[in-house]
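Report on the structure given below.
The values are calculated or read from the model by the stated rules, or taken from the named source; none is laboratory data. From a predicted model like this one, the values you see are computed outputs, not experimental measurements. With ideal geometry, Cβ positions are generated from the backbone for all residues, glycine too; neighbour counts draw on all protein chains shown.
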Amino acid sequence: MIAPRFLPAVKSCRCAYHSFSDFSIARAPSKYPPSLKILGEHHLTDEFTNVTPAILSKVDLELHTQDGHPLSTLRSIIESHYPDFSHHSSLSPIVSPWKNFDELSFPWDHPGRSMTDSYYINKSLMLRTHTSAHEIEVFRKGEDKWLLTADVYRRDEIDASHYPVFHQMEGARLYSADASGMEEVKEDNERLSQHLERSNIVIEDIPHISPTNPVQPTHDPAHSELIAKNLKLSLNSLLLRLFGSANSEEPLRVRWIEAYFPFTSPSFEVEVFFRGKWLEILGCGVVIDSTLDTANVQGKIGWAFGLGLERIAMILYSIPDIRLFWSTDARFLSQFEAGKITTFKPYSKYPSCYKDVSFWNPEGAPLHDNDFCDLVRDVAGDLVEDVKMIDSFVHPKSNRSSLCYRINYRSMDRSLSNEEINELQKNVVSRLTDTFGVEIR
Ligand code: PHE
């Protein structure tokens, strides 16, 4: 199952459900020094540490603030669509699991917490898995309208649209939960509805509230309806701004779907019809009261959304491979101008070369897909295009399980020599045996 990267871990988790017991079987992919220096600070390592050098090399890059980079242009276009919102773009990716999960009401057994899905520096620090991790601190500052852009980290498979680091943009808006606040919402809804009525957009909507997507017990249902409507109108108008011209003759088609997030209710996902396919673009909902209580915000009601920037940028710029966002090759970077969306012109694609590795999985401590992907990413960096499990079976007599993975190597910028690829593959194999104790077949 391949799911979009920016959705909640409970839905985007592409593996079978991981329970807390996975913490015991997920092992560190390599041996760690007693401490790691990350963003200028030393952090002790422990049995939870699973960040890799390949991942740590990304934490200070902040592609979303590099002038002219497609992700930065997309950020600024979205920011300009919300002119009276404040902007945050430089919050540290290092957060506590408490802040990433608990404060946002994630249940203790939520799969996103597992070491197979998230990157831990140690037991008490991790790399944020979503921009929602900062909701409470921004609300606590008393901000009612804000946008926040950041790099987020999730252990995942490797292919053209999945990369373990990507960028999200969080947006939120709060109103006073009283008659005057609701008047303000109504006026805003009126303004947005009129704008959308005049536009070439077809929206498949669902009820704002339903038994399966309920109003919060502390909310007046009429208020929650107005806020959910405001959220939908506001996002429909953003999507029109982003995708409207790309689909010029055809109307833009948007559909709303019921969703679940631990920190919003009602909750929604939004899909956009683009080049013959429905694409999931974002998750959103009415902020739960306990989030606002924790942030010390009283008497307010509002919404939040989180969207994945790479997904949208790949569509708008026709960028075919998510690794390209990390390219420092002038043939990539020089194509883009700050503030402008232009179609990416692919430069010659260098040949790919695949190598297979088959091994017996150690009994009692099986290797997780994400362990394998991280190991490969760590050895080969962006020279790995994708990794697929191509075979798995259990030996009928010995009951041992065997896996075979195919690693596809390709550079975006040059031809790889056979020797180089063989060397990479040799390193993958030796790391597999040294770190995970597998037996190569
Ligand atoms: N943080 C959620 C995710 O990463 C998206 C989201 C943001 C949902 C805000 C609701 C409100 O999938």
- Message: For segment 316-349, give me each residue that is in a loop (DSSP other than H, G, I, E, B) and either among the β-branched types (V, I, T) or closer than 24 Å to F372 by Cβ (or both).
- Response: I319, D321, T328, I341, T342, T343
- Item | Among the residues listed as R128, R140, the single one being assigned by TED's automatic domain parsing to the domain that holds P83 and within 30 Å of P221 (Cβ to Cβ) | R140
- Message: Can you list the helices (runs of 4 or more DSSP H) lying wholly within segment 31-113 that have 2 or more residues being within 30 Å of G339 (Cα to Cα) and of a type in the set (V, I, T)?
- Response: 70-81
- Leading residue by the ranking (farthest from the chain's Cα centre (by Cα)) among those in segment 148-175 that are among the hydroxyl-bearing types (S, T, Y) and in a strand (DSSP E or B): Y175
- Looking at (1) under 30 Å from T116 (Cβ atoms); (2) of a type in the set (A, V, I, L, M, F, W, C); (3) touching an Asp or Glu at 6+ places or on another chain (Cβ under 9 Å); (4) at pLDDT 95 or above, find the lone condition where L147 falls short. (1)
- Query: Residues in segment 312-326: is at least one within 16 Å of the ligand (Cβ to nearest atom), farther than 23 Å from D413 by Cα and not polar (S, T, N, Q)?
  - Reply: yes
- Task: Considering only residues that are more than 14 Å from N230 (Cβ to Cβ) and within 16 Å of the ligand (Cβ to nearest atom), look in segment 168-205 and name the one that is surrounded by the most Cβ atoms within 10 Å (Cβ to Cβ).
- Result: Q168
- Task: Please give the number of the condition I257 fails out of (1) within 16 Å of the ligand (Cβ to nearest atom); (2) crowded, with 16+ Cβ neighbours inside 10 Å; (3) without any contact (Cβ under 8 Å) to a residue 60 or more places away in the chain.
- Result: (2)
- Item | Residue ID - surrounded by the most Cβ atoms within 10 Å (Cβ to Cβ), chosen from residues in segment 13-62 that are at pLDDT below 80 and of a type in the set (F, W, Y) | F23
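Against the condition buried (at least 24 other Cβ atoms within 10 Å of the Cβ) and either within 14 Å of the ligand (Cβ to nearest atom) or touching a residue at least 60 places away in the same chain (Cβ under 8 Å) (or both), how does S132 come out, does it pass? Break it down into steps so the answer makes sense when it comes.
Values: buried (at least 24 other Cβ atoms within 10 Å of the Cβ): yes; either within 14 Å of the ligand (Cβ to nearest atom) or touching a residue at least 60 places away in the same chain (Cβ under 8 Å) (or both): yes.
Answer is yes for this residue.
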- Query: Can you find even one residue in segment 261-283 that is out of contact with any His (no Cβ under 8 Å at 6 or more places or on another chain), of a type in the set (K, R) and within 14 Å of the ligand (Cβ to nearest atom)?
  - Reply: no
- Note on the structure: The lone condition G285 fails out of (1) touching a Ser or Thr at 6+ places or on another chain (Cβ under 9 Å); (2) small (G, A, S); (3) over 30 Å from V215 (Cα atoms) is (3)
- Item | Exclusive hit being among the aromatic types (F, W, Y), more than 29 Å from L403 (Cβ to Cβ) and either surrounded by 15 or more Cβ atoms within 10 Å (Cβ to Cβ) or not assigned by TED's automatic domain parsing to the domain that holds D144 (or both), set W360, W326, W303 | W303
- Query: Is it true that A313 is in a loop (DSSP other than H, G, I, E, B) and either touching a residue at least 40 places away in the same chain (Cβ under 8 Å) or under 20 Å from the mean Cα position of the chain (by Cα) (or both)?
  - Reply: no
- Message: Any residue at all in segment 289-308 that's within 16 Å of the ligand (Cβ to nearest atom), closer than 25 Å to R255 by Cβ and outside any strand (DSSP E or B)?
- Response: no
- Task: Answer yes if at least one residue in segment 189-196 is basic (K, R) and assigned to a helix (DSSP H, G or I), and no otherwise.
- Result: yes
- Task: Report the residue count in segment 128-167 for those that are of a type outside the set (K, R) and out of contact with any Lys or Arg (no Cβ under 9 Å at 6 or more places or on another chain).
- Result: 7
- The correct count of residues that are buried (at least 22 other Cβ atoms within 10 Å of the Cβ), touching a strand residue (DSSP E or B) at 6+ places or on another chain (Cβ under 9 Å) and under 26 Å from S90 (Cβ atoms) in segment 154-167 is 6
